[in-house]
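Notes to accompany the following structure.
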Amino acid sequence: MSTLVGFDAWTALAGDSPTSRTEWAAVVAAWSEPHRRYHDLAHLAAVLGLAAQLAGDAPDRDAVLLAAWYHDVVYDPERSDNEEISAARARAGLRGLVPDDRVEEVVRLVLLTAGHAPEPDDVNGAVLCDADLAVLAGPPEAYVVYASAIRAEYGHLSDEVFTAGRIAVLEQLLALPRLYRLPALADWEPRARANLAAELSLLRSRAGAGGTSSGGAPPPSGG
C-alpha cells in the first residue's frame, strides 16, 4: 500500500485514536472494493499526492486532503448519486475527529466533484477538482488505459448504453470554460481537451454505426 494512503498520512489529518484508526480502515476497505478498476487506491493515492503539491495557497489544506480521501469513497457504477452519498459518508465518518467547520468544508468539496466546476475564488475546490481531473491531461496512451478502466467499471452496461452515457459526460466536460482552474496547470488544458475530443470522436463514430440508448446511469469522467 502506498504511504500516501497509509495510516500515518491519515493521522496527520484526523488524529491517532481508536475511532480514527477504525475510520481509516473502513475508508481504505471501501477504496479496495473489487469492482473498482480506476476509482481504486491507486487513484486515491494519485489525487492525494497531487492535491498536497497544489494546496500551497489553499485556505484549508487539510480539508482538501480529507475531501480527497472521501471524494469517491462510495462508488457504485449502478448509482448516479455517488458524490452525494460519499459526502454524507464523510460527514458521518469525520464527526468528532476534526472540527465541525472542517467537516462541512470536506462535505462541500466532495459534492463539487460531481461537476468539477468550482467558483473562480474557490481555491480549495480548484485544488481538489484539478487533482481529480489530472488523468485527463496524461499522454494519449495513458488516457486510453484510463478510458478502458472506466469501461471495465461499467461492464454491466451494454456498449450502446455505455457509449451514450459516456458521450454525455465528455460533452459536459468539454463545455466547461476551463478544465483546470489553477494557473499553474494552464498548460494541461490543451492536452486534456485533445484527449477528450479524441475519445468523443471515437464514441460518436460507434454511436453513428449502431445507434445509442439513453438508458442507464452515465459513466463518470475522471473523478
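The values are calculated or read from the model by the stated rules, or taken from the named source; none is laboratory data. All figures in this text were calculated on a predicted structure; none of them were measured in a lab. So basically every Cβ, Gly included, is an ideal-geometry build from the backbone, and we count neighbours across all protein chains shown.
For the reader, a short list of remarks on this structure follows.
- Filtered residue count, segment 5-28, keeping only those that are surrounded by 16 or more Cβ atoms within 10 Å (Cβ to Cβ) and within 16 Å of H71 (Cβ to Cβ): 9
- Residues that are surrounded by fewer than 16 Cβ atoms within 10 Å (Cβ to Cβ), in contact (Cβ under 8 Å) with a residue 40 or more places away in the chain and under 26 Å from L157 (Cα atoms) within segment 76-114 comprise E78, R79, S80, listed in sequence order.
Yes or no, residue by residue, for (1) in a loop (DSSP other than H, G, I, E, B); (2) farther than 21 Å from A192 by Cβ; (3) among the small types (G, A, S); (4) at pLDDT below 95:
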| site | (1), (2), (3), (4) |
| --- | --- |
| P34 | yes, yes, no, no |
| A51 | no, no, yes, no |
| D62 | no, yes, no, no |
| L65 | no, yes, no, no |
| S80 | yes, yes, yes, yes |
| E83 | no, no, no, no |
| A92 | no, yes, yes, no |
| P118 | yes, no, no, no |
| D130 | no, no, no, no |
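- Criterion: in contact with a helix residue (DSSP H, G or I) (Cβ under 9 Å, 6 or more places away or on another chain) and without any contact (Cβ under 8 Å) to a residue 40 or more places away in the chain - qualifying residue of E160, E189, E141, E119: E119
- Candidate set from segment 118-137 (those that are under 11 Å from the mean Cα position of the chain (by Cα) and not acidic (D, E)); member that is surrounded by the most Cβ atoms within 10 Å (Cβ to Cβ): L128
- Selection within segment 14-32 - assigned to a loop (DSSP other than H, G, I, E, B), among the polar types (S, T, N, Q) and without any contact (Cβ under 8 Å) to a residue 60 or more places away in the chain: S32
- Of the residues screened, R37 is one that is among the charged types (D, E, K, R) and farther than 26 Å from D100 by Cβ.
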